[in-house]
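The values are calculated or read from the model by the stated rules, or taken from the named source; none is laboratory data. Small disclaimer: the values here were computed from a predicted structure and weren't measured. Backbone-built Cβ (ideal geometry, glycine too); neighbour counts: all protein chains shown. With ligands, DNA and RNA removed, areas are computed over all heavy atoms of the protein, side chains included. Shrake-Rupley method; radii C 1.70, N 1.55, O 1.52, S 1.80 Å.
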Amino acid sequence: MGAVKRLVIGVLVMLIVSSSVVFAAGSDPWPTKPIELYIGWPPGGNVDLVVRAYLSTFSKELGVPVVVNYKPGAGGVVCAEYIARAKPDGYTIQEVSYSIISMQLLTVNTPITYNDFTFIMGHTGQNFAVVVRQDAPWKTFKEWVEYARKKPATYGVPGVYTSQSVVMDWIIKREGLKEVSVVPYQGGNELIAPVMGGHIDLALVAGNHVPLCEGGKLRTLLQFSGEVPDPDPAKVPFLTQAYPDCPDSLRAMVEIPVGLTGPKGMPAPIVQKLAQSLRKAVNEEGYKNFLKQSKRPLVTNWEGADAMKRAKMATDAYAAYLKQVGFVKK
Amino acid sequence: MISGFSIALAPVNLLFCFIGCVLGTLVGVLPGMGSATTIALLMPITFRLSPVTAIIMLAGIFYGAQYGGSTTSILVNIPGEATSVVTCIDGYQMARQGRAGPALGISAFASFIAGTLGVMALAFFGPPLAELAIKFGPPEFASLVFLSLMLVGYLGGKSLPKALAMAAIGLTIGTVGQDPVNIQPRFVYGILEFNSGMNIVPILMGLFGIAEILSNVERIIKPEVLDAKIKTFLPSLQDWRDSIGAILRGAGIGFFIGLIPGSGAIVPTFISYGIEKKLSKHPEQFGRGAIEGVAGPESANNAAAQGTLVPLLTFGIPPNVTGALLLAALMIHGVRVGPLLITQHPDVFWGCVASMYLGNVMLLILNLPLIPLWVRVLKVPYYLLFPLITLLCLVGSYSINNSLLDLVVLIVFGVAGYLMQKYEYPPAPLVLGLILSPILEKSFRQALIISRGDFSIFFTRPISAAFLIVAIGLLLSHFFPLFIRRFRANVAD
């Protein structure tokens, strides 16, 4: 018993000593305690993967542990609201797709907008693409468009008002297609099985198609953002190549990055410290490999006022779209 | 395969397989603590391990949880995992009759048999089965769910109208949240969390756990009654004779439904229960402690857990949150799960499969000696046990989303469940309705969007048509005897 007690006391003393060393070592007053990083989805999602890829370097750079918390609900909005209302001291931040806080907020009943956040740094984009099953009759996107002119066609979306589906909707209208049905699924993971099984012609996917394209089960017809994972990427056009007249606001929607945000009013030095540590973390070899594997782009131009401006552009275009399709926010 | 065993038998892999199984059993036993949360928490620890070892351990947690899930269902009427909710119906009744031992025993054996059969099917027929699974589109899905809904009649107590009413309420609660097609919020009453639908776990814990405590507090049964009756810890020969058919059928149903991405492991447990009751020579025993009612569903959820691994490991299609996590873990290790997994990383695929054989044996050896220990939980005086269960329910509900709202839901459904029990409204049909409602609505509407509003899509596709025929057959077999009786009564008049 005595030995156990001594051991416990010893461990406690060690903990106290080591933590005071950590506190003493940093001349910078911030951060002095662990940072809570929130994710608005259950563990294992797209955003979670990104965070795990950079977390250890990020936390090493900051000198304090970064604790990941999950706060799922309402497609990320529950978490966004929580962050918007948190204390802007830098200890409560979230990793989120900027599309959630600039666009998706418009579709639910919440007073919060992108103005309630501090954009710390966007660092990676999505791999948004249009895919078909390998043995589908259409070799190019144009072929599918021609087919859809004559016959009833279908495509699956990960949600009706997601950024990809807004762009696709623009393409359908531009091509003047009348007989195309949009089949809504809930999230990109649900779309893979139906497109492989031939239940829908096309699927608008977000990264989870990468191994299936490389494995020869799916083919990319059109790439919205990110890199083409197919064996022959040269054959796949990007959105801007296939439709050079695509408005900038739509491009901003699909090129919107994933990144760190905090509540509005975070002190500039703290934001800088976070961005600086994150920049180091995302320029690590391990993280870059992760991006290469999942065919995601490294994004570096979404910081500070710049990010705010782009978010505004995407949000305004999105609001206009919602109005145009008659979506009523209750 | 043989190389797989040589990987799985390496001491470090055996050790981590064991750790995974122990942890899995533990999180299975603890209500609310799901395998998904645990895997997420432990993922960073696996970074230092090789990818094979990591996936062996994490998969162990996944299928191990299916073993432990039934324990609290049987002992205290709280499903440890959502997939063990059906086990509550007869398992808890068995425990109250002093047969907790055989109930726990048969569920461990059922889990073992189904788990092993499932692994074998995965190893030998993985890729072709996955090809089959993707033939399942929205219309097939809608018809399957419709068929499952016909099982309501088998889940109720004495009164069919009451069961139907409960199912209708369940279906209605299932519509809370954003409409799956045009994302308009429904019945959310300004509560942001409800936009993504109501969480199922607090509802289950309320309806079963809290409700049971409330009604027991009222009744004040003396624990000695239970105490005196605990005789054996293992199922008898007669128990085996009663349940072996249920186990095999449950394994088949669980595995095939588990294969279909998006179906989950809960639906097959309900189907298995319904089938066993339909086939049983003494259906009146169901709901009063029929061992088949434990064996079938427990077998089904384990087989389904293996089934969901088929599309995951062969195509990289995650069937549920836990599956997505396993995929994420492999991705972090630089192993991309997709059609190329078996050729590019045969060690990962076969090592994982082989470890699951071993894991199932370990889980059986681990779980059987625990049974006498678990049974003793029933001897804990109620003034200690009840607060403890309430605490477990509260912590479990909160831990899923870290949301206080879930506690409110838990309490509301606890009180509702208590009143339901008092007035003999069965909770199981409500749960069935709640689980099926979102899947039914989504797949039904997707099917109609694909067919442009033409209902014939449900009848012209063979798999879908077959499900509908069985569903209509079930419906008729319910009502036909009723009509005959009416008719005879009329003739007699």
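Structure summary
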| read-out | value |
| --- | --- |
| Wholly within region A:149-261, strands (runs of 3 or more DSSP E) carrying at least 2 residues that are over 24 Å from B:Pro261 (Cβ atoms) | A:218-223 |
| Qualifying positions in region A:177-203 - more than 7 Å from chain B (Cβ to nearest Cβ) and without any contact (Cβ under 8 Å) to a residue 12 or more places away in the chain | A:Lys178 |
| Count of residues meeting criterion [at the interface with chain A (Cβ under 7 Å from one of its Cβ atoms) and modelled with pLDDT of 80 or more] in region B:314-323 | 3 |
| Helices (runs of 4 or more DSSP H) contained entirely in region B:289-365, each with at least 2 residues that are farther than 28 Å from A:Trp41 by Cα, among the small types (Gly, Ala, Ser) and touching a residue at least 40 places away in the same chain (Cβ under 8 Å) | B:292-315 |
| Residues located in region B:422-441, provided they are of a type in the set (S, T, N, Q) and surrounded by fewer than 19 Cβ atoms within 10 Å (Cβ to Cβ) | none |
| Candidate set: region A:209-232, residues that are open to solvent by 30 Å² or more (accessible area, probe 1.4 Å) and over 14 Å from A:Asp135 (Cα atoms); chosen: the one farthest from the other protein chains (Cβ to nearest Cβ) | A:Asp232 |
| Members of region A:97-118 found to be open to solvent by 10 Å² or more (accessible area, probe 1.4 Å), modelled with pLDDT of 90 or more and in a strand (DSSP E or B), listed by number | A:Thr118 |
| Matching entry among A:Ser294, A:Ser249, A:Ser277 (being within 14 Å of chain B (Cβ to nearest Cβ) and touching a residue at least 60 places away in the same chain (Cβ under 8 Å)) | A:Ser294 |
| Residue satisfying condition, being open to solvent by 10 Å² or more (accessible area, probe 1.4 Å), in contact (Cβ under 8 Å) with a residue 40 or more places away in the chain and of a type in the set (A, V, I, L, M), within set A:Ala153, A:Ala136, A:Ala206 | A:Ala206 |
| Conditions (1) touching a residue at least 12 places away in the same chain (Cβ under 8 Å); (2) part of a helix (DSSP H, G or I): number failed by B:Val408 | (1) |
| Those residues of region A:156-176 which are farther than 12 Å from B:Gln446 by Cα, in contact (Cβ under 8 Å) with a residue 40 or more places away in the chain, hydrophobic (A, V, I, L, M, F, W, C) and open to solvent by less than 50 Å² (accessible area, probe 1.4 Å), in sequence order | A:Val166, A:Val167, A:Ile171 |
| Residue within region B:121-134 that is in a helix (DSSP H, G or I), surrounded by 24 or more Cβ atoms within 10 Å (Cβ to Cβ) and within 14 Å of chain A (Cβ to nearest Cβ) present | yes |
| Residue within region B:25-35 that is at positive phi and either surrounded by 24 or more Cβ atoms within 10 Å (Cβ to Cβ) or in a helix (DSSP H, G or I) (or both) present | yes |
| Extreme residue, nearest to B:Arg186 (Cα to Cα), among residues of region A:67-89 that are of a type outside the set (Ser, Thr, Tyr), more than 9 Å from chain B (Cβ to nearest Cβ) and surrounded by fewer than 22 Cβ atoms within 10 Å (Cβ to Cβ) | A:Arg85 |
| Scan of region B:446-493 for residues that are of a type in the set (Val, Ile, Thr) and either open to solvent by less than 80 Å² (accessible area, probe 1.4 Å) or within 30 Å of A:Glu190 (Cα to Cα) (or both), ordered by number | B:Ile449, B:Ile450, B:Ile457, B:Thr460, B:Ile463, B:Ile469, B:Val470, B:Ile472, B:Ile484 |
| Helices (runs of 4 or more DSSP H) contained entirely in region B:151-206, each with at least 1 residues that are open to solvent by 20 Å² or more (accessible area, probe 1.4 Å), at pLDDT below 90 and within 16 Å of B:Asp406 (Cα to Cα) | B:200-204 |
| Extreme residue, surrounded by the fewest Cβ atoms within 10 Å (Cβ to Cβ), among residues of region B:282-319 that are polar (S, T, N, Q) and over 13 Å from the mean Cα position of the chain (by Cα) | B:Gln285 |
| Positions within region B:375-411 being β-branched (Val, Ile, Thr), within 23 Å of the chain's Cα centre (by Cα) and open to solvent by 70 Å² or more (accessible area, probe 1.4 Å), in sequence order | B:Val395, B:Ile411 |
